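Below is one structure, written out as structure tokens, with a few remarks after it.
The values are calculated or read from the model by the stated rules, or taken from the named source; none is laboratory data. Quick caveat: nothing in here was measured; it's all calculated off a predicted structure. Because the Cβ atoms are built from the backbone with ideal geometry, glycine has one as well, and the counts that use them run over all protein chains shown.
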């Protein structure tokens, strides 16, 4: 699956929820590997902030990114729309401190993305694959997020505000294809009792009944209600019973829960990669959402690429016979058993290390350890199969390695280990030359890595 960007740029304009300023945001095409970035074009030097959890500095009524003195807030709705659309790379140019709130949902962003279209790039998507249960909880708020392994991205959300109007609600999304029709139009919401503290904190200057659901669930004197209305420049209204203050009906019976799901998707997008896993969230909010995103980011930074998934029950792309047809190596020097995945840019190979390997006779018989040089050789052979896939009649060519750099051995390999090799192009092939990055895993652990250059030559 290839990375995506926009087919053309587009601009949205509207009030900022907290600043109240009229702000325009221009979404621009970006190259592969760019990711999501915000650019403050209203500031000197037009600084750029990467939309990553690393830069989250505040989560009070919205997610705020900060780098030095530069901030961008209320990003979650736009991020959710981009993530659900499968867009990997975009530059968002802003002339103010936050994204426009528009109608309080992600729907305007979804419509603009659909109109602009999507363009496929050459690079493959880099997923974060959840392989083990991940949990995070906040005892004080009762919030909890759990992520389980799954082949796709899905999420379900449960909310409980202990409110006579908004109590238990549930929302789910089985696939990102559902986002545009089922989740995107869910608006942000606020309780009447929260408005004055938010105003006193310098927030929601751009909030109104057109961009937020307002919930009245705590008895107040009419004089107090009038005072709150004045704070947000709203008309005085006689409210005689608990409920939703907005003159228009809810988009969905569980619209608040759907909006919490929307926010969760936007915050999880801050891991910088599409995620494969099922998210189950209880009482989610920007604080715990971004803490989970930061936890995943820390895992990504510890190891820039995850160990490939290996299912021994699946048919390989190339078995040992096919490999021998392409490579000149033979026992005891053929060190790749099968190929389980291959694209134009990378290849994944497997070797099962047995106690009967001939190199264990001398390295070391009493405590056998696979020689590091053979790990490099195995990655080189796997890379050779990647390079040979770029030519017609690969059996008429051989791959010769010219240089090996930056070799690192991180853990010993012993009998019983299953080695997973991931080899990818670092540059495009030119004149039969290829520069590749090789990584060797045992389970989820990286045991060896290196960079090498190879040349493809036609056999005599």
Of the residues that sit in the stretch 131-149 and are at pLDDT 95 or above and in a loop (DSSP other than H, G, I, E, B), which one is surrounded by the fewest Cβ atoms within 10 Å (Cβ to Cβ)? 133
Within the stretch 87-126, residues in a loop (DSSP other than H, G, I, E, B), surrounded by fewer than 15 Cβ atoms within 10 Å (Cβ to Cβ) and modelled with pLDDT under 95 come out as 125
What do you reckon, is residue 142 in the same structural domain as residue 259 (by TED's automatic domain parsing), in contact (Cβ under 8 Å) with a residue 12 or more places away in the chain and farther than 30 Å from residue 88 by Cβ? yes
Just need a number here: residues in the stretch 225-248 that are in a helix (DSSP H, G or I), touching a helix residue (DSSP H, G or I) at 6+ places or on another chain (Cβ under 9 Å) and over 22 Å from residue 18 (Cβ atoms). 1
Got a sec? Which of 255, 196 is touching a strand residue (DSSP E or B) at 6+ places or on another chain (Cβ under 8 Å), in contact (Cβ under 8 Å) with a residue 12 or more places away in the chain and under 22 Å from residue 74 (Cβ atoms)? 255
Of the numbered conditions (1) under 33 Å from the mean Cα position of the chain (by Cα); (2) within 18 Å of residue 377 (Cβ to Cβ), residue 414 fails exactly one; give the number of that condition. (1)
Residue list for the stretch 65-86, restricted to those being surrounded by 20 or more Cβ atoms within 10 Å (Cβ to Cβ) and over 27 Å from residue 177 (Cα atoms): 65, 72
Sole residue being assigned by TED's automatic domain parsing to the domain that holds residue 290 and touching a residue at least 40 places away in the same chain (Cβ under 8 Å), chosen from 152, 174: 152
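Yes/no matrix, rows are residues, columns are (1) in the same structural domain as residue 394 (by TED's automatic domain parsing); (2) loosely packed, with under 10 Cβ neighbours inside 10 Å; (3) in a loop (DSSP other than H, G, I, E, B); (4) on the phi < 0 side of the Ramachandran plot:
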| residue | (1), (2), (3), (4) |
| --- | --- |
| 331 | yes, yes, yes, yes |
| 335 | yes, no, yes, yes |
| 340 | yes, no, no, yes |
| 350 | yes, no, no, yes |
| 355 | yes, yes, yes, yes |
| 363 | yes, no, yes, yes |
| 370 | yes, no, yes, yes |
Considering the stretch 418-450 alone, what residues qualify as being under 21 Å from residue 335 (Cβ atoms) and surrounded by fewer than 16 Cβ atoms within 10 Å (Cβ to Cβ)? 418, 443, 445
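Please go through the stretch 161-181 and give me each residue that is loosely packed, with under 14 Cβ neighbours inside 10 Å and over 26 Å from the mean Cα position of the chain (by Cα), ordered by number.
162, 164, 167, 168
Out of 282, 290, 248, report the one residue that is closer than 30 Å to residue 184 by Cβ, surrounded by fewer than 19 Cβ atoms within 10 Å (Cβ to Cβ) and either modelled with pLDDT of 95 or more or in the same structural domain as residue 350 (by TED's automatic domain parsing) (or both).
Among 282, 290, 248, only 282 is closer than 30 Å to residue 184 by Cβ, surrounded by fewer than 19 Cβ atoms within 10 Å (Cβ to Cβ) and either modelled with pLDDT of 95 or more or in the same structural domain as residue 350 (by TED's automatic domain parsing) (or both).
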